Every structure is written in structure tokens, then in C-alpha cells.
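Visitor: Dropping a structure here in C-alpha cells format, bear with me for questions.
The values are calculated or read from the model by the stated rules, or taken from the named source; none is laboratory data. In this text, all values refer to a predicted model and were calculated from it rather than measured experimentally. Cβ sites come from the backbone with ideal geometry, for glycine too, and all protein chains shown count toward neighbours.
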Amino acid sequence: MHIDEETVERHVLAVLVDNEAGILARIAGMFTARGYNIDSLTVADISEDHAVSRITIATNGPPHVIEQIIAQLERLVPVHSVRDLTESGPHVQRELALVKVAGKGEHRIEAMRLADIYRARVVDATTESFVFEITGAPEKIETFVGLMREVGLVEVGRTGVVAIGRGPETA
Amino acid sequence: MAEKSGADILVETLLDLGVDTVFGYPGGAVLPIYDALYEHPKIKHILVRHEQAATHAAEGYARSTGKPGVVLVTSGPGATNAVTGITDALMDSIPMVVITGQVATNLIGTDAFQEADTVGITRHCTKHNYLVKKPSDLAQVVQEAFHIATQGRPGPVVIDIPKNVQVAAAEFSSNAARANTRYQPQTEGDFKAINAAAEMIMNAQAPVLYTGGGIINSGPKASETLRELAELMGCPVTSTLMGLGSFPATSDKWLGMLGMHGTFEANMAMNKADLVVCLGARFDDRITGRIDAFSPNSKKIHVDIDRSSINKTIRVDLPIIGDVGRVMEQLLAVMKGRRFTTPGYDEWWSRIKGWRATNCLEYPEDKEEIMPQEAIRRLWQATHEREPIITTEVGQHQMWAAQHFDFESPNKWLTSGGLGTMGYGLPAAIGAQLGNPDALVIDIAGEASIQMNIQELGTATQYRLPVKIFILNNEYMGMVRQWQELTYESRYSNSYSDSLPDFVKLAESYDWTGIRIEDPADLDAGIQKMIETDGPVLVDCRVAKLANCFPMIPSGAAHTEMLLTEADVRGTMDDQAKALV
């Protein structure tokens with residue numbers, strides 16, 4: 001017997017929650033308990049009185065699973081709202097990465113040149129290393145990190161995706 | 001405002017909420033609460049013998065009365081022992097509030113004595129849970145907990161209270177309004193959707209109502225509304241295990257239970273229907289059988305208060321989110337407004353008549369041994385006029401009870417459906433008896449299941465509860481043995497109930513009456529003696545050892561591929577089927 005795999009789509013969800021103890025564990029645990037995937041998850045409080053946090057979850061799964069993920073999130077008592085940004089029209093996705101490369105000579109020059117093309121900023125430099133800060137859509141970060149691998153990549157830190165819908169309405 | 005201790009605030013808030021019964025077991029981390037209870041005799045505390053039993057007793061109390069069940073246990077092992085019952089309540093949507101003691105806040109995380117991460121452990125087996133860190137939060141949390149447990153789709157809520165929070169004081173005044181606004185589930189169905197549903201019903205040629213535990217949860221009025229709806233629609237009605245009793249078994253519209261051990265006519269009707277109206281049920285795998293062959297030619301309407309139940313396993317054409325009782329009322333109003341006249345559905349009913357003719361619940365007669373199905377039928381005949389409350393354990397006896405004990409009204413059938421917890425029946429019977437002191441409460445049990453919470457015999461004795469236990473003793477974990485016959489060529493790996501106690505003597509040692517029935521000729525007299533004896537009675541009814549529960553849809557099969565008798569059993573299955581539970 002073999003286990004069949006289904007084709008999956010990537011979706012970005014914006015989730016507004018009560019900023020209370022255990023909420024992150026509740027959400028992360030719901031994903032593992034029901035066998036859903038988390039590609040990235042970011043969280044920070046966003047309201048003036050620190051009562052509400054916004055969680056951005058990048059997930060993947062077949063369409064019926066994405067629908068279930070949203071319903072299961074809405075079922076959690078501290079969850080105010082869930083918006084599927086991928087479904088609800090144009091939106092902006094951004095991620096920040098800190099990328100450390102080490103090397104000398106031709107590799108070092110090439111790293112600088114690529115960073116310039118990708119509009120990455122140098123936030124630390126020694127004679128044999130750079131730390132670049134780069135912001136952009138996840139694909140851009142992905143490509144940049146891929147290029148850096150060829151010129152002496154040492155370490156990467158990424159924030160995960162934050163996203164927001166275009167236009168005047170709120171999520 | 002006066003200051004009170006956390007323990008007093010808790011107990012007074014429970015009183016404000018109308019709590020009269022608490023099932024629990026004391027321990028170090030709840031001593032302050034137990035001391036507060038000592039001062040408040042209005043709350044009746046039922047001391048169980050094991051915390052799991054406290055949760056099942058609370059479920060039995062809740063399911064038979066419609067009120068939330070309340071549990072009080074200590075930290076660490078008290079809380080972990082309660083986890084099975086909490087999960088059971090989550091799966092079967094039973095309103096329950098579980099108060100657990102916790103080590104003092106300054107000790108949390110130090111591996112203190114009897115410390116367990118109760119909120120962590122119960123996070124995914126509760127509807128919601130809390131760790132209360134300040135006594136001033138307690139009243140608000142307890143009120144919200146009861147609101148969440150009982151509103152929307154009911155479920156268990158855990159409140160973990162550290163010992164120092166029980167001792168420390170905060171300002172409190174009884175009956176203060178503590179508005180809760182953050183959990184407000186939708187109960188009213190969308191008007192457009194109701195109209196669309198009426199349209200689909202009017203166009204149907206072969207409709208069937210598929211009902212579930214949601215009707216019971218919605219309250220007795222929903223069962224009345226269902227009867228009215230079925231009458232107006234003139235169509236057949238089937239139900240899940242959890243929904244039994246919401247529709248009377250004596251009705252000519254009743255098809256019996258559907259699903260794995262449902263009737264041939266119910267499953268065939270689901271398969272051949274052109275419209276399935278699902279009312280407060282959730283297309284569980286025990287109902288659907290093989291998903292791709294489930295009711296292939298029907299349009300489907302799904303009424304559920306929990307949005308996540310919609311399209312979870314079966315895609316439906318029309319979802320309606322709301323309280324099923326309310327939605328049925330709305331639907332009736334719309335159909336009456338449109339002057340809906342009850343169709344005859346002659347062709348549909350004549351097909352159903354054909355399926356009914358298989359007499360799928362028939363079983364072989366036996367003069368030597370008591371057939372378990374026969375025992376249930378006789379039990380029903382002897383007791384049904386008293387409208388008994390029936391609880392069960394889990395296994396063959398549970399399915400036989402569901403098939404052969406007919407129910408006329410809701411809240412009389414208490415069983416562990418979703419989680420399938422052996423050991424549920426006796427404590428549930430205790431809880432039901434407390435909530436319904438004058439009712440005849442019978443736990444239909446198996447000899448294996450009953451041993452999982454057998455210690456609760458003592459609880460019934462202590463509180464003089466006249467519960468009856470009717471054990472169908474076949475000396476096997478019968479459902480396990482049945483599956484081994486179906487799947488593993490009758491290799492009975494560990495399914496024999498060896499070293500059984502003498503149940504009659506065991507009962508007597510707890511001051512119960514014990515009765516043994518061995519001969520079919522003694523069956524009626526034994527049952528009669530059980531009913532007529534005051535106080536708790538245990539019946540050890542020895543039944544045919546190798547009887548199996550039919551009809552049955554084997555795992556991975558479609559509704560049309562039912563095994564009707566022993567003769568249909570092949571003894572092996574392919575790996576796809578073996579991998580399904």
C-alpha cells in the first residue's frame with residue numbers, strides 16, 4: 001500500500017487575535033494536531049492598548065484543507081477574524097532577511113555587486129565578511145539567498161512573511 | 001466591596017450560575033476550594049473513585065438534563081486522569097466545565113509535586129481553557145467558561161487555578177454583571193440559504209433527513225420541531241448514534257440508525273436519495289463509509305452550528321450555519337409560507353419498503369444460549385413504558401443496544417460516540433441518576449468495558465443511587481474479536497476476557513444486588529427482578545460467546561456493500577481497508 005499525495009497551494013492568512021497567554025501555542029498546536037503545514041508565522045501586537053495581535057501565517061495545502069484551516073482558526077475563542085489574503089485580491093507580502101557572507105577577492109566583489117542589484121543594504125562589514133539586510137517579497141529573498149550561496153554564504157536569518165491587502169479596507 | 005478568597009469567589013460564582021452538583025475528587029492543590037465547599041451545602045459534591053469517572057458522570061448529568069456538567073479535580077494526576085473524559089466531551093459536544101487545581105504560581109515550571117502542564121495538555125481537547133493567575137480574574141473567567149461551554153457547539157472548558165490564587169483575596173460582589181461579548185456564535189440561519197433549502201426540498205423526489213446529536217444539544221424543542229418537519233416533508237428519517245431519541249422509533253418515517261452498524265434501509269436510502277438534509281450531524285467516517293461512494297447522486301444540505309464541520313469530509317451543495325432547532329423552525333415557516341403540500345413520494349417509499357423487507361436486524365434464534373440481541377429486546381420490552389435512561393460502554397453491546405433498544409424521546413440515550421471510550425457507561429449512569437432521581441437508569445455494558453471504571457460501584461452505593469448495570473457477558477472484547485474475524489482470519493490476539501471476577505460477588509461486596517442470568521428461559525424473570533429490586537443492581541447476563549454485530553459496513557466499503565449476516569464474512573481484507581479504523 002502507498003499513501004497518495006495531493007497537490008497543494010500556498011496561502012497567506014492574516015489572523016487577528018486577543019493578545020493573551022498561550023494564543024501562539026493554541027494556533028501552532030491546532031496546525032500540528034490536525035496535520036496542517038506552517039511555512040512561516042509572524043506575530044506582533046498591533047493595537048494601541050496592546051490587546052490585539054496580528055498573526056501572519058503562510059501555509060500550504062489543497063483548497064479544501066485551506067478552507068478547513070480558516071474554519072478551525074475561526075473556531076478558537078481568542079481569534080477575532082481570519083482573512084485569506086491570497087483569496088481576497090491584491091496584497092503586498094514582505095519579508096526581511098539578514099544574510100552573512102564571508103570571503104575574499106573575486107567572491108567579495110561579486111557579493112557586493114549582487115547586493116547592489118537586489119537593493120540589499122550593508123549593515124555590518126569586516127575585511128572578510130558582510131552582513132546584508134534585504135527586504136522584499138519572499139521570492140526575491142529566496143533568489144538573493146540562492147545567489148549568496150555561490151559567493152560564500154555563512155548564515156541567514158529571516159523574519160517570515162508579513163502581508164497586507166492593497167487599498168483602503170482593513171483585513 | 002468586600003474582599004473574598006479565590007476559593008470563595010469560585011464557589012459563589014458557581015452558585016450564581018445555578019450549579020447544584022459537582023463531580024470531583026480532592027487533593028493537595030484544591031484543598032482551599034474543598035474547604036469553601038464545606039461552607040456551601042447548596043452545592044452537592046459527588047465524590048467519585050477516579051477522576052475519569054468524574055468527567056463521564058458530568059457528561060451523563062449534562063446529556064440527560066441539558067445543563068452543563070461540572071468537575072473539580074486536583075493538579076497533576078487529578079487533571080491527567082480527567083483528560084479522557086474531557087476529550088470525550090469535546091468529540092460528542094457535551095457542555096462541561098472542569099476546574100483543576102494547580103501548584104502555586106511561583107512553583108509553576110519547577111517540576112513541583114503533582115505539577116502538570118494542565119493548560120498545555122488540555123489545549124487541544126477542550127473548546128477553550130484558562131490558567132487563572134489572579135483571584136480578581138476568577139469570577140469573569142468562570143462566567144465566560146460556562147458561556148463558552150454551553151453556547152454554540154457545546155464542549156468542555158478547563159479552568160486551571162493555582163493554589164495561591166485560591167487562597168489570595170480580591171474584591172468580589174455576587175451577581176455583578178460581567179458582560180461577555182467575545183464569543184457570540186451565530187444561531188439564526190441565513191434567510192437566503194433557508195429559502196434555497198426550501199426550494200431544494202420542493203424539487204426533491206427522494207429526500208432523506210439525516211439527523212445527529214446536534215438536535216439533542218439544541219434542546220427538547222428541536223426534537224419536536226424535527227417531528228413537525230418530517231411530517232410536513234413526508235420523508236424518511238435516519239439518525240447517527242448520537243442523535244437517537246430525537247425522532248421516535250415507532251414512527252412510520254423512521255429508518256433506524258445509519259452507518260457502520262446502521263440498518264440496511266437507512267444506508268440504502270442515503271445511497272439512493274436525491275436530497276440529503278443533514279441536521280446537526282457531521283458526516284463522521286462511521287456514517288459515510290467510503291467517501292467517494294457516499295450518497296453519490298444526492299444534493300446535500302448541511303445545517304450545523306460549527307462552521308468547521310461544513311465541507312470537512314463531504315462537500316455539500318448548501319451549508320446553513322446556525323442552531324439546528326432554530327434553522328428547522330425558520331425552514332418550516334418558509335415552507336408553510338410557500339404553501340408546501342406534503343408529497344406522497346410513492347416510488348421512493350416503495351423502494352424503502354423493499355429494503356426494509358430484508359429484516360436486517362434479525363438474528364439467529366437459540367434455545368441453549370441467550371442471544372445478546374434477544375437480551376436487549378427483552379430488556380426494552382420490560383422497561384420501555386418507564387422511558388428509562390440508557391447508558392452504554394463501548395463495543396458490540398453498545399451497537400446492539402443502539403439497534404435493538406427503541407427510543408421515543410431525547411436525552412434518554414447516553415453513549416460515547418466520537419471518542420468511543422470504554423468505561424463511560426457506569427459513571428455516566430451515576431451522573432444521569434443524580435440529574436434524574438426518579439428515572440430508571442440502566443448501563444448496558446460488556447464484561448470488558450465495565451471493568452474500566454468498575455470502582456464506581458462504590459460511588460453509587462455511597463449516594464444511594466439505584467442505577468442498574470446489565471452486562472452482556474460473552475467473555476470477549478467482542479468488537480475486537482469481530483474485527484479479527486473479519487480482517488485477520490480469526491487470530492484472536494488478546495481479545496479474550498481472561499480471569500474475570502465473579503461479578504455477582506463483586507457487586508455484593510459493594511452492597512449492590514447481584515443477579516446472574518445464564519438460561520434463555522430465565523431472561524425475563526432476571527430482568528424483572530433487576531427492575532423490581534430497590535437500590536443498585538448488577539446483572540451478569542451470560543450470552544452467546546461468538547455472536548457478531550450485523551449488519552455492518554466493513555471499513556473502506558460503501559453503503560451498498562453491507563455485510564448482513566455471518567455468511568458474508570470473508571475473513572481477510574486488503575491493506576487499504578486494514579489501514580482504516
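Visitor: Collect the residues in segment B:566-581 that are surrounded by 15 or more Cβ atoms within 10 Å (Cβ to Cβ) and more than 14 Å from every other protein chain (Cβ to nearest Cβ), keeping them in residue-number order.
Guide: Result: B:V569, single match.
Visitor: Further question on the same structure: Return the residues of segment B:313-340 that are surrounded by fewer than 18 Cβ atoms within 10 Å (Cβ to Cβ), charged (D, E, K, R) and either part of a loop (DSSP other than H, G, I, E, B) or not assigned by TED's automatic domain parsing to the domain that holds B:I287 (or both); say none if nothing qualifies.
Guide: Listed by number, the residues that qualify are B:R315, B:D317, B:R338, B:R339.
Conditions tested, residue by residue: (1) farther than 15 Å from A:L153 by Cβ; (2) free of Cβ contacts under 8 Å to residues at least 24 places away in the same chain; (3) surrounded by fewer than 14 Cβ atoms within 10 Å (Cβ to Cβ).
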{"position": "A:A102", "(1), (2), (3)": "no, no, no"}
{"position": "A:I109", "(1), (2), (3)": "yes, yes, yes"}
{"position": "A:Y118", "(1), (2), (3)": "no, no, no"}
{"position": "A:R121", "(1), (2), (3)": "yes, yes, yes"}
{"position": "A:F130", "(1), (2), (3)": "no, no, no"}
{"position": "A:G136", "(1), (2), (3)": "yes, no, no"}
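Visitor: With the checklist (1) without any contact (Cβ under 8 Å) to a residue 24 or more places away in the chain; (2) among the charged types (D, E, K, R); (3) surrounded by fewer than 14 Cβ atoms within 10 Å (Cβ to Cβ) in hand, flag the one item A:K140 doesn't pass.
Guide: Every condition holds for A:K140 apart from (3).
Visitor: Listed residues B:N175, B:N180; which is surrounded by fewer than 21 Cβ atoms within 10 Å (Cβ to Cβ), within 13 Å of another protein chain (Cβ to nearest Cβ) and modelled with pLDDT under 95?
Guide: On the way: B:N175 fails: within 13 Å of another protein chain (Cβ to nearest Cβ).
Sole residue among the options that is surrounded by fewer than 21 Cβ atoms within 10 Å (Cβ to Cβ), within 13 Å of another protein chain (Cβ to nearest Cβ) and modelled with pLDDT under 95: B:N180.
Here is a yes/no grid of residues against (1) surrounded by 13 or more Cβ atoms within 10 Å (Cβ to Cβ); (2) of a type in the set (V, I, T); (3) within 14 Å of chain B (Cβ to nearest Cβ):
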residue	(1), (2), (3)
A:V12	yes, yes, no
A:D18	yes, no, yes
A:G22	yes, no, yes
A:A25	yes, no, yes
A:T32	no, yes, yes
A:G35	no, no, yes
A:D49	no, no, no
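Visitor: Filter segment B:302-345 for residues that are free of Cβ contacts under 8 Å to residues at least 60 places away in the same chain and β-branched (V, I, T); which is farthest from the other protein chains (Cβ to nearest Cβ)?
Guide: B:T341
Visitor: B:S75 versus (1) under 18 Å from the mean Cα position of the chain (by Cα); (2) farther than 14 Å from B:G155 by Cβ; (3) among the small types (G, A, S); (4) outside any helix (DSSP H, G or I): which is the lone unmet condition?
Guide: For B:S75, the failing item is (1).
Visitor: Which residue pairs have Cβ atoms under 7 Å apart, sit 6 or more places apart or on different chains, and have a first residue in segment A:57-86 that is under 20 Å from B:S309 (Cβ atoms) and a second that is basic (K, R) and buried (at least 19 other Cβ atoms within 10 Å of the Cβ)?
Guide: Within 7 Å, the pairs are A:Q68/B:K312; A:A71/B:R307; A:E74/B:R307; A:L76/A:R26.
Visitor: Return a yes/no flag: does segment A:150-158 have any residue that is surrounded by fewer than 17 Cβ atoms within 10 Å (Cβ to Cβ), away from every other protein chain (no Cβ under 14 Å), assigned to a helix (DSSP H, G or I) and touching a residue at least 40 places away in the same chain (Cβ under 8 Å).
Guide: no
Visitor: Still on this structure, please answer the following. Looking at segment B:364-377 only, could you name the residues that are in a loop (DSSP other than H, G, I, E, B), modelled with pLDDT of 95 or more and not charged (D, E, K, R)?
Guide: B:M371
Visitor: With respect to the numbered conditions (1) over 30 Å from B:K133 (Cβ atoms); (2) within 14 Å of another protein chain (Cβ to nearest Cβ), which one is the sole condition not fulfilled by A:P90?
Guide: A:P90 satisfies all of (1) over 30 Å from B:K133 (Cβ atoms); (2) within 14 Å of another protein chain (Cβ to nearest Cβ) except (2).
Visitor: Related question: For segment A:126-149, enumerate the residues that are part of a loop (DSSP other than H, G, I, E, B) and either of a type outside the set (V, I, T) or assigned by TED's automatic domain parsing to the domain that holds A:V17 (or both).
Guide: Filtering segment A:126-149 down to residues part of a loop (DSSP other than H, G, I, E, B) leaves A:127-128, A:137.
The answer is A:E128, A:A137.
Visitor: Next question. Looking at segment B:288-308, can you tell me whether even one residue there is at pLDDT 95 or above, part of a helix (DSSP H, G or I), over 20 Å from B:G234 (Cα atoms) and out of contact with any Phe, Trp or Tyr (no Cβ under 8 Å at 6 or more places or on another chain)?
Guide: Yes, segment B:288-308 contains a residue that is at pLDDT 95 or above, part of a helix (DSSP H, G or I), over 20 Å from B:G234 (Cα atoms) and out of contact with any Phe, Trp or Tyr (no Cβ under 8 Å at 6 or more places or on another chain).
Visitor: Could you say whether any residue in segment B:341-356 is surrounded by fewer than 13 Cβ atoms within 10 Å (Cβ to Cβ), within 19 Å of B:E224 (Cα to Cα) and either in contact with a His (Cβ under 7 Å, 6 or more places away or on another chain) or in the same structural domain as B:L258 (by TED's automatic domain parsing) (or both)? Don't jump to the end; show me each part of the working.
Guide: Taking segment B:341-356 as the starting set, the residues that turn out to be surrounded by fewer than 13 Cβ atoms within 10 Å (Cβ to Cβ) are B:341-342, B:344, B:346-347, B:350, B:353-354.
Next, from what is left, pick out any that are within 19 Å of B:E224 (Cα to Cα): B:342.
Within this subset, residues satisfying the condition of being either in contact with a His (Cβ under 7 Å, 6 or more places away or on another chain) or in the same structural domain as B:L258 (by TED's automatic domain parsing) (or both) are B:342.
Looking through segment B:341-356, at least one residue is surrounded by fewer than 13 Cβ atoms within 10 Å (Cβ to Cβ), within 19 Å of B:E224 (Cα to Cα) and either in contact with a His (Cβ under 7 Å, 6 or more places away or on another chain) or in the same structural domain as B:L258 (by TED's automatic domain parsing) (or both).
Visitor: Right, here's the next one. Run A:T32 past the list (1) under 22 Å from A:I164 (Cβ atoms); (2) without any contact (Cβ under 8 Å) to a residue 24 or more places away in the chain and report the number of the one that doesn't hold.
Guide: Condition (1) is where A:T32 drops out.
Visitor: So, one more: May I ask you to list the residues in segment B:183-194 that are surrounded by 15 or more Cβ atoms within 10 Å (Cβ to Cβ) and either of a type outside the set (A, V, I, L, M) or at pLDDT below 95 (or both)?
Guide: The first filter runs over segment B:183-194 and keeps only residues surrounded by 15 or more Cβ atoms within 10 Å (Cβ to Cβ), leaving B:185, B:187, B:189-190, B:193-194.
Hits for segment B:183-194 are B:P185, B:T187, B:G189, B:D190.
Visitor: With (1) surrounded by fewer than 24 Cβ atoms within 10 Å (Cβ to Cβ); (2) part of a loop (DSSP other than H, G, I, E, B) as the list, and B:P154 as the residue in question, which single condition is left unmet?
Guide: (1)
Visitor: Here is a follow-up. Looking at segment B:25-82 only, could you name the residues that are among the polar types (S, T, N, Q) and closer than 19 Å to B:A432 by Cβ?
Guide: Applying the first criterion (among the polar types (S, T, N, Q)) to segment B:25-82 yields B:52, B:55, B:64-65, B:74-75, B:80-81.
Those that are among the polar types (S, T, N, Q) and closer than 19 Å to B:A432 by Cβ: B:Q52, B:T55, B:S64, B:T65.
Visitor: Which of (1) in contact with a Gly (Cβ under 8 Å, 6 or more places away or on another chain); (2) farther than 18 Å from A:A137 by Cα does A:D49 not meet, given it meets every other one?
Guide: (1)
Visitor: Among the hydroxyl-bearing types (S, T, Y) and within 14 Å of another protein chain (Cβ to nearest Cβ): is that true of A:S53 in this structure?
Guide: No.
Visitor: Let me ask another. Among the candidates A:A21, A:A25, A:A71, A:A58, which residue alone is small (G, A, S), more than 30 Å from B:D575 (Cβ to Cβ) and in a strand (DSSP E or B)?
Guide: Working: A:A21 fails: in a strand (DSSP E or B); A:A25 fails: in a strand (DSSP E or B); A:A71 fails: in a strand (DSSP E or B).
So the residue among A:A21, A:A25, A:A71, A:A58 that is small (G, A, S), more than 30 Å from B:D575 (Cβ to Cβ) and in a strand (DSSP E or B) is A:A58.
Visitor: What are the pairs, 6+ residues apart or on separate chains, where a residue within segment B:184-198 that is closer than 17 Å to B:V277 by Cα has its Cβ under 8 Å from a residue that is part of a loop (DSSP other than H, G, I, E, B) and not basic (K, R)?
Guide: Close Cβ pairs satisfying both conditions: B:G189/B:G322; B:D190/B:G322; B:A198/B:F340.
Visitor: Confirm whether B:A139 is within 14 Å of chain A (Cβ to nearest Cβ), among the small types (G, A, S), in a helix (DSSP H, G or I) and crowded, with 19+ Cβ neighbours inside 10 Å. Spell out the reasoning first.
Guide: On the way: within 14 Å of chain A (Cβ to nearest Cβ): no; among the small types (G, A, S): yes; in a helix (DSSP H, G or I): yes; crowded, with 19+ Cβ neighbours inside 10 Å: yes.
Judged against the criteria, B:A139 is not a match.
Visitor: Which one of these is touching a residue at least 60 places away in the same chain (Cβ under 8 Å), crowded, with 24+ Cβ neighbours inside 10 Å and within 25 Å of B:S173 (Cα to Cα): B:G60, B:G69? Before you say what the answer is, go through the steps one by one.
Guide: On the way: B:G60 fails: within 25 Å of B:S173 (Cα to Cα).
That would be B:G69, the only listed residue that is touching a residue at least 60 places away in the same chain (Cβ under 8 Å), crowded, with 24+ Cβ neighbours inside 10 Å and within 25 Å of B:S173 (Cα to Cα).
Visitor: Continuing with this model, one more query. Which ones in segment B:15-49 are farther than 14 Å from B:T74 by Cβ, in contact with an Asp or Glu (Cβ under 9 Å, 6 or more places away or on another chain) and surrounded by 16 or more Cβ atoms within 10 Å (Cβ to Cβ)?
Guide: If we filter segment B:15-49 for residues that are farther than 14 Å from B:T74 by Cβ, which is where we start, we get B:15-21, B:36, B:38-44, B:46, B:49.
With the extra rule that they be in contact with an Asp or Glu (Cβ under 9 Å, 6 or more places away or on another chain), the set shrinks to B:36, B:39-40, B:42-44, B:49.
Those that are farther than 14 Å from B:T74 by Cβ, in contact with an Asp or Glu (Cβ under 9 Å, 6 or more places away or on another chain) and surrounded by 16 or more Cβ atoms within 10 Å (Cβ to Cβ): B:A36, B:I43, B:R49.
Visitor: For B:G109, indicate whether it is away from chain A (no Cβ under 14 Å) and not polar (S, T, N, Q). Talk me through it step by step, then tell me what you get.
Guide: Numbers: away from chain A (no Cβ under 14 Å): no; not polar (S, T, N, Q): yes.
Judged against the criteria, B:G109 is not a match.
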